[in-house]
Amino acid sequence: MADGPIIPTTRPKRPRPPSGRTNLASCVVATIFLIFIIIVILIVYYTVFKPQDPKIAVNAVQLPSFSVINGTVNFTFSQYASVRNPNRAAFSHYDSSLEILYSGNQVGFMFIPAGQIDAGRTQYMAATFSVQSFPLSAPPNMGPTLANGDGVGFNFGLRVQPTMEIESKLEMAGRVRVLHFFTHRVKVRTGCRVAIAVSDGSVLGFHC
């Protein structure tokens, strides 16, 4: 019995691998796209989400108790402040403190508990603590006087009373995390000079 006709077969052609030029073009396009995304993120970060330092404002200073015995001062210090967070992310603060100085020496210190201030919000803080006893510098400063053209001091009949001056330093440290990727470390401080009447401990004024 005769065999049937032999039909020639052809091997399927293998697909040609992509050329080197195609790979290079793909890499260039991907790189340009990545650079574009990074530029957009940086623009948004520095225009909309750029971190800013919180703003501290001291609203009031009081001395609930005050006494002077044998030239030694003892009092309780109270300070009321507001802290505004201008960022679009929460401000987490820690390692914050309030320090009281007299004649350049520390006479009082208080740690401020850690906390968080939400984005765009203002938090009010009140700190009250006892200041350790310390001797008054002698002699205490007298009240404000004015001077005439010859430099001679006079007070126009105003009652002059001895005063003392202390300095308060409020410092807050923390961080602001933007877009869950960028962390901005923050350390802000404010200092106030407080004038106090030695006779009764009344606060004559303060300047921050």
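Here are the numbers for the structure shown:
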quantity: Whole-Hz ³J(HN,Hα) from phi, Karplus 6.51 cos²θ - 1.76 cosθ + 1.60, for segment 25-35, glycine and proline x; calculated: 5, 5, 5, 5, 4, 5, 5, 4, 5, 5, 4
quantity: Neighbour-count order for V29, V194, fewest beta carbons within 10 angstrom listed first; calculated: V29, V194
quantity: Point-to-point label distance, K50-S26, nm (Cα→Cβ direction, 7 Å offset); calculated: 4.0
quantity: Summed side-chain charge close to V73 - residues other than V73 whose Cβ falls under 14 Å, Lys, Arg +1, Asp, Glu -1; calculated: -2
quantity: Using a Förster distance of 35 Å, the FRET efficiency for I39-C208 (Cβ separation, nearest 0.05); calculated: 0.25
quantity: Computed label-point distance, nm, for sites S130 and C192 using a 7 Å Cα→Cβ extension; calculated: 2.3
quantity: Interchain or long-range residues, amide H under 5 Å from V73's placed H; calculated: F134, L136
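Since every read-out is calculated from the coordinates, none of them should be taken as a lab result. Note that the structure is predicted; figures quoted are calculated from it, not measured. In this analysis, Cβ positions are derived from the backbone assuming ideal geometry, glycine residues included, and neighbour counts consider all displayed protein chains.
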